[in-house]
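The values are calculated or read from the model by the stated rules, or taken from the named source; none is laboratory data. The shown structure was predicted, so the numbers you read here are calculated from the model rather than taken from an experiment. Here the Cβ positions follow ideal geometry from the backbone for every residue, glycine too, while neighbour counts run over all protein chains shown. The area values use the complete protein model at the heavy-atom level, side chains included, leaving out ligands, DNA and RNA. Shrake-Rupley method; radii C 1.70, N 1.55, O 1.52, S 1.80 Å.
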Amino acid sequence: MSSIDLVLERVGHCEWRNGYYMASCPAHEDRKPSLSITQGEDGKVLLHCFAGCEKAKILAALGLDAGDLFPAPANGARNGHKKTGGKPTATWEIRDAGGELQAIHVRFDRNGGKDCLWKLPSASGWGLKGRKLATLPLYRSEHLQGWPEEDPVVVVEGEKAADAFSKVYPSVLGTITGAGGTPGAEALEVLRGRRVILWPDNDEEGHRHMARIAEALCEGVATEVGVFGWEDGPPKGDAADHPAVTDKDPEALEKLLIDLKSATIWEPEDDIENTEPVGVLLSNVVAEKIEWLWKGRVPKGKLTLVDGDPAKGKSALTIYVAACVTVGRAFPDGAPCEAGGVALLNAEDGLADT
(Lines give C-alpha, C1' and ligand atoms only; values in the text may rest on other atoms or scores of the structure.)
Protein backbone atom coordinates (compact mmCIF):
# COMPACT_ATOMS: atom_id res chain seq x y z
CA MET A 1 0.00 0.00 0.00
CA SER A 2 1.36 3.43 -0.92
CA SER A 3 1.85 6.11 1.72
CA ILE A 4 -1.00 8.28 0.45
CA ASP A 5 -3.35 5.29 0.14
CA LEU A 6 -2.57 4.43 3.74
CA VAL A 7 -3.41 7.94 4.93
CA LEU A 8 -6.60 8.10 2.86
CA GLU A 9 -7.70 4.74 4.25
CA ARG A 10 -7.27 6.02 7.80
CA VAL A 11 -9.10 9.33 7.35
CA GLY A 12 -12.08 7.65 5.70
CA HIS A 13 -14.34 9.84 3.56
CA CYS A 14 -12.51 12.53 1.57
CA GLU A 15 -13.09 14.73 -1.46
CA TRP A 16 -10.81 15.34 -4.44
CA ARG A 17 -10.40 19.06 -5.15
CA ASN A 18 -8.24 19.95 -8.13
CA GLY A 19 -4.94 18.43 -7.06
CA TYR A 20 -5.49 17.59 -3.40
CA TYR A 21 -7.82 15.74 -1.05
CA MET A 22 -9.92 17.33 1.70
CA ALA A 23 -11.06 15.32 4.73
CA SER A 24 -12.28 15.88 8.27
CA CYS A 25 -9.34 16.45 10.57
CA PRO A 26 -9.19 13.64 13.19
CA ALA A 27 -7.41 15.87 15.73
CA HIS A 28 -10.37 18.16 16.44
CA GLU A 29 -14.13 18.26 16.10
CA ASP A 30 -14.42 19.11 12.43
CA ARG A 31 -17.80 20.35 11.24
CA LYS A 32 -16.53 20.72 7.68
CA PRO A 33 -13.42 19.11 6.12
CA SER A 34 -10.35 21.17 7.01
CA LEU A 35 -7.52 18.68 6.46
CA SER A 36 -5.76 18.86 3.12
CA ILE A 37 -3.82 15.81 1.90
CA THR A 38 -1.37 16.04 -0.97
CA GLN A 39 1.65 14.15 -2.21
CA GLY A 40 4.91 15.93 -2.91
CA GLU A 41 7.21 15.32 -5.86
CA ASP A 42 9.35 13.03 -3.67
CA GLY A 43 6.28 10.92 -2.82
CA LYS A 44 5.95 12.18 0.76
CA VAL A 45 2.40 12.81 1.96
CA LEU A 46 1.82 16.40 3.07
CA LEU A 47 -0.83 17.13 5.72
CA HIS A 48 -2.19 20.55 6.61
CA CYS A 49 -5.09 21.35 8.93
CA PHE A 50 -6.58 24.77 8.20
CA ALA A 51 -7.79 24.93 11.82
CA GLY A 52 -4.16 24.84 13.00
CA CYS A 53 -3.80 21.27 14.38
CA GLU A 54 -0.21 20.09 14.70
CA LYS A 55 0.89 17.28 12.40
CA ALA A 56 1.93 15.12 15.37
CA LYS A 57 -1.60 15.24 16.79
CA ILE A 58 -3.12 14.43 13.40
CA LEU A 59 -0.85 11.40 13.02
CA ALA A 60 -1.58 10.23 16.57
CA ALA A 61 -5.32 10.46 15.93
CA LEU A 62 -4.88 8.38 12.77
CA GLY A 63 -2.72 5.81 14.54
CA LEU A 64 0.25 6.63 12.28
CA ASP A 65 3.75 7.98 12.76
CA ALA A 66 5.94 10.30 10.71
CA GLY A 67 7.53 7.39 8.84
CA ASP A 68 4.16 6.46 7.36
CA LEU A 69 4.18 9.64 5.28
CA PHE A 70 7.23 8.57 3.26
CA PRO A 71 7.14 6.25 0.26
CA ALA A 72 8.58 2.77 0.50
CA PRO A 73 12.26 2.68 -0.58
CA ALA A 74 13.18 0.99 -3.83
CA ASN A 75 14.99 -1.87 -2.03
CA GLY A 76 11.77 -2.85 -0.29
CA ALA A 77 13.12 -2.26 3.19
CA ARG A 78 10.58 -1.50 5.89
CA ASN A 79 10.16 2.23 6.57
CA GLY A 80 7.19 2.36 8.89
CA HIS A 81 4.36 1.51 6.52
CA LYS A 82 1.69 -0.61 8.14
CA LYS A 83 1.57 -4.17 6.88
CA THR A 84 -1.50 -6.31 7.34
CA GLY A 85 -0.13 -9.80 6.76
CA GLY A 86 1.01 -12.31 9.37
CA LYS A 87 -0.33 -13.39 12.73
CA PRO A 88 -1.28 -10.60 15.15
CA THR A 89 0.74 -10.36 18.34
CA ALA A 90 -2.22 -8.95 20.26
CA THR A 91 -5.83 -7.99 19.59
CA TRP A 92 -7.70 -5.61 21.87
CA GLU A 93 -11.45 -5.05 21.82
CA ILE A 94 -12.52 -1.51 22.73
CA ARG A 95 -15.97 -1.60 24.31
CA ASP A 96 -18.12 1.08 25.87
CA ALA A 97 -19.45 1.00 29.44
CA GLY A 98 -22.44 -1.06 28.27
CA GLY A 99 -20.19 -3.70 26.71
CA GLU A 100 -20.90 -2.82 23.07
CA LEU A 101 -17.90 -3.33 20.80
CA GLN A 102 -16.78 -0.01 19.29
CA ALA A 103 -13.44 -0.83 17.64
CA ILE A 104 -10.69 -3.43 17.39
CA HIS A 105 -6.99 -2.64 17.81
CA VAL A 106 -4.52 -5.14 16.35
CA ARG A 107 -0.76 -5.24 16.88
CA PHE A 108 1.81 -6.99 14.69
CA ASP A 109 5.42 -7.33 15.89
CA ARG A 110 7.90 -7.46 12.99
CA ASN A 111 11.70 -7.58 13.09
CA GLY A 112 12.11 -5.31 16.08
CA GLY A 113 9.29 -2.99 15.03
CA LYS A 114 5.54 -3.03 15.34
CA ASP A 115 2.45 -2.23 13.31
CA CYS A 116 -0.74 -1.21 15.11
CA LEU A 117 -3.91 -1.16 13.03
CA TRP A 118 -7.51 -0.22 13.76
CA LYS A 119 -10.75 -1.50 12.34
CA LEU A 120 -14.45 -1.11 13.01
CA PRO A 121 -16.47 -4.20 13.96
CA SER A 122 -19.12 -3.52 11.33
CA ALA A 123 -16.85 -2.49 8.44
CA SER A 124 -14.54 -4.37 6.12
CA GLY A 125 -10.87 -3.50 5.82
CA TRP A 126 -8.63 -1.50 8.10
CA GLY A 127 -9.17 1.97 9.46
CA LEU A 128 -11.79 3.81 11.51
CA LYS A 129 -13.49 5.29 8.42
CA GLY A 130 -13.23 8.82 9.74
CA ARG A 131 -14.07 8.13 13.39
CA LYS A 132 -11.67 9.92 15.71
CA LEU A 133 -9.66 8.00 18.32
CA ALA A 134 -10.65 10.57 20.95
CA THR A 135 -14.29 9.45 20.63
CA LEU A 136 -13.52 5.80 21.42
CA PRO A 137 -14.02 4.52 24.99
CA LEU A 138 -11.18 3.93 27.40
CA TYR A 139 -9.92 0.35 27.23
CA ARG A 140 -11.72 -1.94 29.74
CA SER A 141 -14.59 0.55 30.29
CA GLU A 142 -17.06 -2.34 30.22
CA HIS A 143 -15.68 -3.65 33.54
CA LEU A 144 -15.93 -0.44 35.55
CA GLN A 145 -19.47 -0.90 36.86
CA GLY A 146 -18.39 -3.99 38.78
CA TRP A 147 -15.52 -2.32 40.63
CA PRO A 148 -15.97 -1.24 44.29
CA GLU A 149 -16.64 2.49 44.46
CA GLU A 150 -14.14 2.91 47.30
CA ASP A 151 -11.28 1.60 45.11
CA PRO A 152 -9.55 4.29 43.04
CA VAL A 153 -9.48 3.71 39.30
CA VAL A 154 -5.97 3.69 37.86
CA VAL A 155 -5.61 5.01 34.31
CA VAL A 156 -2.51 3.96 32.36
CA GLU A 157 -1.36 4.60 28.81
CA GLY A 158 -2.22 1.87 26.35
CA GLU A 159 -3.92 -1.51 26.33
CA LYS A 160 -0.74 -3.50 27.00
CA ALA A 161 -0.02 -1.65 30.26
CA ALA A 162 -3.67 -1.95 31.30
CA ASP A 163 -3.71 -5.72 30.69
CA ALA A 164 -0.51 -6.23 32.69
CA PHE A 165 -1.59 -4.15 35.68
CA SER A 166 -5.13 -5.57 35.72
CA LYS A 167 -3.66 -8.93 36.69
CA VAL A 168 -2.60 -7.51 40.05
CA TYR A 169 -5.15 -4.66 40.42
CA PRO A 170 -8.46 -5.06 38.55
CA SER A 171 -9.65 -1.42 38.67
CA VAL A 172 -7.55 -0.16 35.77
CA LEU A 173 -8.40 1.52 32.47
CA GLY A 174 -6.13 2.26 29.51
CA THR A 175 -6.07 5.20 27.11
CA ILE A 176 -6.05 4.28 23.42
CA THR A 177 -5.25 7.60 21.72
CA GLY A 178 -1.48 7.42 22.08
CA ALA A 179 0.42 10.01 24.10
CA GLY A 180 -0.11 12.64 21.42
CA GLY A 181 -3.91 12.47 21.76
CA THR A 182 -6.40 12.97 24.55
CA PRO A 183 -9.58 10.98 25.29
CA GLY A 184 -12.72 13.01 24.66
CA ALA A 185 -15.34 14.01 27.21
CA GLU A 186 -17.57 11.04 26.38
CA ALA A 187 -14.72 8.57 26.94
CA LEU A 188 -13.88 10.14 30.32
CA GLU A 189 -17.51 10.22 31.45
CA VAL A 190 -17.21 6.67 32.86
CA LEU A 191 -14.97 8.15 35.57
CA ARG A 192 -17.61 10.56 36.85
CA GLY A 193 -17.79 10.50 40.63
CA ARG A 194 -14.75 8.25 40.99
CA ARG A 195 -11.36 8.81 42.54
CA VAL A 196 -8.80 8.50 39.74
CA ILE A 197 -5.04 7.88 39.80
CA LEU A 198 -3.14 8.59 36.57
CA TRP A 199 0.02 6.59 35.86
CA PRO A 200 1.92 8.27 32.99
CA ASP A 201 4.60 6.60 30.93
CA ASN A 202 8.03 7.69 32.15
CA ASP A 203 8.72 10.32 29.49
CA GLU A 204 7.80 13.93 28.85
CA GLU A 205 5.11 13.12 26.30
CA GLY A 206 3.51 10.62 28.68
CA HIS A 207 3.34 13.23 31.44
CA ARG A 208 1.79 15.76 29.06
CA HIS A 209 -0.75 13.13 28.02
CA MET A 210 -1.87 12.49 31.60
CA ALA A 211 -1.76 16.20 32.51
CA ARG A 212 -4.33 16.93 29.79
CA ILE A 213 -6.52 14.10 31.09
CA ALA A 214 -6.15 15.37 34.67
CA GLU A 215 -7.26 18.83 33.59
CA ALA A 216 -10.35 17.39 31.88
CA LEU A 217 -11.23 15.16 34.85
CA CYS A 218 -10.93 18.05 37.29
CA GLU A 219 -13.71 19.92 35.51
CA GLY A 220 -16.41 18.29 37.63
CA VAL A 221 -15.91 14.70 36.42
CA ALA A 222 -13.75 12.89 39.00
CA THR A 223 -14.02 13.51 42.74
CA GLU A 224 -10.23 13.50 43.04
CA VAL A 225 -7.33 13.06 40.63
CA GLY A 226 -3.88 11.87 41.69
CA VAL A 227 -0.75 11.44 39.58
CA PHE A 228 1.63 8.58 40.38
CA GLY A 229 5.31 9.20 39.70
CA TRP A 230 7.49 6.13 39.24
CA GLU A 231 10.76 7.89 40.01
CA ASP A 232 12.98 4.83 39.53
CA GLY A 233 11.29 3.72 36.33
CA PRO A 234 13.26 3.21 33.11
CA PRO A 235 12.88 5.72 30.27
CA LYS A 236 9.41 5.29 28.75
CA GLY A 237 8.64 2.69 31.42
CA ASP A 238 4.98 2.00 32.18
CA ALA A 239 2.84 -0.17 34.45
CA ALA A 240 3.76 -3.30 32.48
CA ASP A 241 7.44 -2.77 33.35
CA HIS A 242 7.09 -2.29 37.10
CA PRO A 243 8.86 -5.09 39.09
CA ALA A 244 5.81 -5.56 41.31
CA VAL A 245 3.81 -6.37 38.16
CA THR A 246 6.41 -8.44 36.31
CA ASP A 247 7.59 -10.44 39.35
CA LYS A 248 4.26 -10.50 41.22
CA ASP A 249 6.14 -10.13 44.49
CA PRO A 250 3.52 -9.72 47.27
CA GLU A 251 5.57 -7.26 49.34
CA ALA A 252 6.53 -5.16 46.32
CA LEU A 253 2.93 -5.17 45.11
CA GLU A 254 1.65 -4.06 48.52
CA LYS A 255 4.11 -1.16 48.54
CA LEU A 256 3.15 -0.19 44.99
CA LEU A 257 -0.55 -0.08 45.86
CA ILE A 258 0.18 2.04 48.94
CA ASP A 259 2.23 4.44 46.81
CA LEU A 260 -0.54 4.60 44.21
CA LYS A 261 -3.27 5.34 46.71
CA SER A 262 -1.15 8.09 48.27
CA ALA A 263 -0.35 9.66 44.89
CA THR A 264 0.04 13.42 44.76
CA ILE A 265 -3.24 15.23 44.15
CA TRP A 266 -3.04 16.91 40.76
CA GLU A 267 -3.19 20.66 40.48
CA PRO A 268 -2.24 22.66 37.36
CA GLU A 269 0.68 24.42 39.02
CA ASP A 270 2.11 21.09 40.24
CA ASP A 271 2.73 19.97 36.67
CA ILE A 272 3.52 23.26 35.04
CA GLU A 273 6.74 22.01 33.40
CA ASN A 274 4.90 19.22 31.58
CA THR A 275 1.78 21.02 30.44
CA GLU A 276 0.85 23.91 28.22
CA PRO A 277 1.64 27.35 29.70
CA VAL A 278 -0.97 28.53 32.19
CA GLY A 279 -1.84 32.06 33.18
CA VAL A 280 -0.52 33.49 36.44
CA LEU A 281 -2.66 35.91 38.42
CA LEU A 282 -0.60 38.82 39.74
CA SER A 283 -1.71 41.23 42.44
CA ASN A 284 -1.47 45.01 42.19
CA VAL A 285 -1.71 44.95 38.41
CA VAL A 286 -3.66 47.77 36.79
CA ALA A 287 -5.63 46.62 33.76
CA GLU A 288 -4.85 48.46 30.54
CA LYS A 289 -7.66 50.67 29.31
CA ILE A 290 -8.92 49.40 25.98
CA GLU A 291 -10.04 51.65 23.15
CA TRP A 292 -12.47 49.89 20.84
CA LEU A 293 -12.99 50.04 17.10
CA TRP A 294 -15.94 47.65 17.42
CA LYS A 295 -16.94 47.68 21.10
CA GLY A 296 -16.37 44.35 22.84
CA ARG A 297 -15.01 42.71 19.68
CA VAL A 298 -12.22 44.56 17.87
CA PRO A 299 -9.86 46.74 19.96
CA LYS A 300 -7.80 49.54 18.47
CA GLY A 301 -4.08 48.96 18.19
CA LYS A 302 -4.37 45.24 18.93
CA LEU A 303 -4.35 42.04 16.91
CA THR A 304 -7.74 40.36 16.46
CA LEU A 305 -7.77 36.77 15.15
CA VAL A 306 -10.85 35.27 13.50
CA ASP A 307 -10.69 31.48 13.62
CA GLY A 308 -13.09 28.79 12.42
CA ASP A 309 -13.69 25.91 10.04
CA PRO A 310 -13.56 26.54 6.28
CA ALA A 311 -16.56 28.20 4.60
CA LYS A 312 -17.99 29.54 7.87
CA GLY A 313 -17.86 33.21 6.86
CA LYS A 314 -14.50 34.40 8.21
CA SER A 315 -13.57 36.20 5.00
CA ALA A 316 -17.07 37.60 4.55
CA LEU A 317 -17.05 38.97 8.10
CA THR A 318 -13.62 40.54 7.66
CA ILE A 319 -14.58 42.25 4.41
CA TYR A 320 -17.88 43.44 5.91
CA VAL A 321 -16.06 45.02 8.87
CA ALA A 322 -13.64 46.67 6.44
CA ALA A 323 -16.56 48.01 4.44
CA CYS A 324 -18.17 49.45 7.58
CA VAL A 325 -14.95 51.26 8.48
CA THR A 326 -14.44 52.77 5.03
CA VAL A 327 -17.80 54.59 5.16
CA GLY A 328 -18.39 54.84 8.92
CA ARG A 329 -21.43 52.55 8.81
CA ALA A 330 -22.67 50.84 12.02
CA PHE A 331 -21.39 47.33 12.72
CA PRO A 332 -23.76 44.30 12.42
CA ASP A 333 -24.85 44.55 16.08
CA GLY A 334 -25.64 48.26 15.73
CA ALA A 335 -22.48 49.52 17.44
CA PRO A 336 -21.29 52.82 15.96
CA CYS A 337 -18.25 52.76 13.68
CA GLU A 338 -15.67 55.48 13.19
CA ALA A 339 -14.76 55.95 9.53
CA GLY A 340 -11.14 55.40 8.56
CA GLY A 341 -8.71 53.81 6.13
CA VAL A 342 -8.43 50.05 5.66
CA ALA A 343 -5.56 47.84 4.44
CA LEU A 344 -6.37 44.19 3.65
CA LEU A 345 -3.72 41.47 3.88
CA ASN A 346 -4.95 38.04 2.78
CA ALA A 347 -3.14 34.86 3.99
CA GLU A 348 -4.40 31.29 3.69
CA ASP A 349 -2.33 29.78 6.51
CA GLY A 350 -3.82 28.02 9.52
CA LEU A 351 -4.16 29.72 12.89
CA ALA A 352 -0.96 28.15 14.26
CA ASP A 353 1.08 29.41 11.29
CA THR A 354 -0.49 32.86 11.52
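Please report, as a whole percent, how much of the solvent-accessible surface of the chain comes from carbon and sulfur atoms (probe radius 1.4 Å).
Details: 10130 of 19790 Å².
Carbon and sulfur: 51 percent of the exposed surface of the chain.
Name the residues whose placed amide hydrogens come within less than 5 Å of the amide hydrogen of residue 90, ignoring near sequence neighbours (fewer than 5 apart) on the same chain.
When sequence neighbours closer than 5 places are left aside, the close amide H contacts are 107.
Take every Cα pair under 8 Å in the chain that's 6+ residues apart, average their separations, divide by the length, and report that relative contact order as a whole percent. Walk me through the numbers before you get to the answer.
On the way: 614 pairs, mean separation 44.5, N = 354.
Across the chain, relative contact order equals 13 percent.
Mind listing the long-range amide H neighbours of residue 331? Cut-off is under 5 Å, sequence gap 5 or more, other chains count too, H placed in the peptide plane at 1.01 Å from N.
It is 337, by chain and number.
Which residues' amide hydrogens lie under 5 Å from the amide hydrogen of residue 292, considering only partners 5 or more residues apart or on another chain, with H built in the peptide plane?
Those qualifying (amide H under 5 Å, at least 5 residues apart or on another chain) are 300.
Just from its helices, what would the mean residue ellipticity at 222 nm be for the chain, if runs of 4 or more DSSP H residues each count -39500 (n - 2.57) and the sum is divided by every residue, rounded to the nearest 500 deg cm²/dmol? Show your work: numbers first, answer last.
Numbers: 8 runs with 73 residues, N = 354.
After summing the helix terms and dividing by residue count, I get -6000 deg cm²/dmol.
Mind listing the phi-derived Karplus ³J(HN,Hα) values for the stretch 253-260, rounded to whole Hz, using 6.51, -1.76 and 1.60 with θ = phi - 60°, and x for any glycine or proline?
In residue order, the calculated couplings are 5, 4, 5, 4, 5, 5, 5, 5 Hz.
Quick one: Karplus J couplings for the stretch 16-29, per residue in order, coefficients 6.51, -1.76, 1.60, θ = phi - 60°, nearest Hz, x for Gly and Pro?
So the J values, rounded to whole Hz, are 8, 10, 6, x, 7, 9, 10, 9, 5, 6, x, 8, 8, 6.
How many angstrom separate the Cα center of the stretch 146-192 from the Cα center of the stretch 248-265?
A separation of 17 Å, based on Cα centres.
Provide the per residue accessible area, probe 1.4 Å, for the chain, rounded to a whole number of square angstrom. Could the numbers behind the result be given before it?
Details: 19790 Å² over 354 residues.
Solvent-accessible surface per residue comes out at 56 Å².
Quote the FRET efficiency, to the nearest 0.05, computed for residue 192 versus residue 31 with a Förster distance R0 of 22 Å and r equal to the Cβ-Cβ distance. Let's see the in-between values first.
Details: r = 27 Å, r/R0 = 1.21.
E between residue 192 and residue 31, to the nearest 0.05, is 0.25.
What ranking, highest mean first, results for peptides 183-191, 22-30 when packing means the other Cβ atoms within 10 Å averaged over each residue? Walk me through the numbers on the way to the answer.
Numbers: 183-191: 19.1, 22-30: 21.3.
Peptide ranking by packing, descending: 22-30, 183-191.
Among DSSP beta bridges whose residues both lie in the chain, state the antiparallel percentage, nearest 5.
70 percent
Using packing as a proxy for protection, rank 118-128, 146-156, 332-342 so that the peptide with the highest average count of other Cβ atoms within 10 Å comes first. Can you show the working numbers first?
Numbers: 118-128: 15.0, 146-156: 17.1, 332-342: 11.1.
The densest-packed peptide leads the list: 146-156, 118-128, 332-342.
Per residue of the stretch 159-173, in order, report the coupling 6.51 cos²θ - 1.76 cosθ + 1.60 (Karplus, θ = phi - 60°) as ³J(HN,Hα) in whole Hz, putting x for Gly and Pro.
Per residue, the Karplus-derived 3J(HN,Hα) values read 5, 4, 5, 5, 4, 5, 6, 5, 6, 10, 8, x, 7, 9, 10 Hz.
Do me a favour and compute the ellipsoid semi-axes for the chain from its Cα gyration tensor, root of five times each eigenvalue, largest one first, whole Å.
Working from the Cα gyration tensor, I get semi-axes of 42, 30, 18 Å.
Which links in 44/119; 55/129; 119/236 stretch past 23 Å when you go from one Cα to the other? Mind showing how you got there, number by number?
Numbers: 44/119 25 Å; 55/129 19 Å; 119/236 27 Å.
44/119; 119/236, as the Cα separations exceed 23 Å there.
Reachable lysines from residue 302, Cα under 22 Å, same-chain residues fewer than 8 places away excluded?
Here the lysines satisfying the reach criterion relative to residue 302 are 289, 314.
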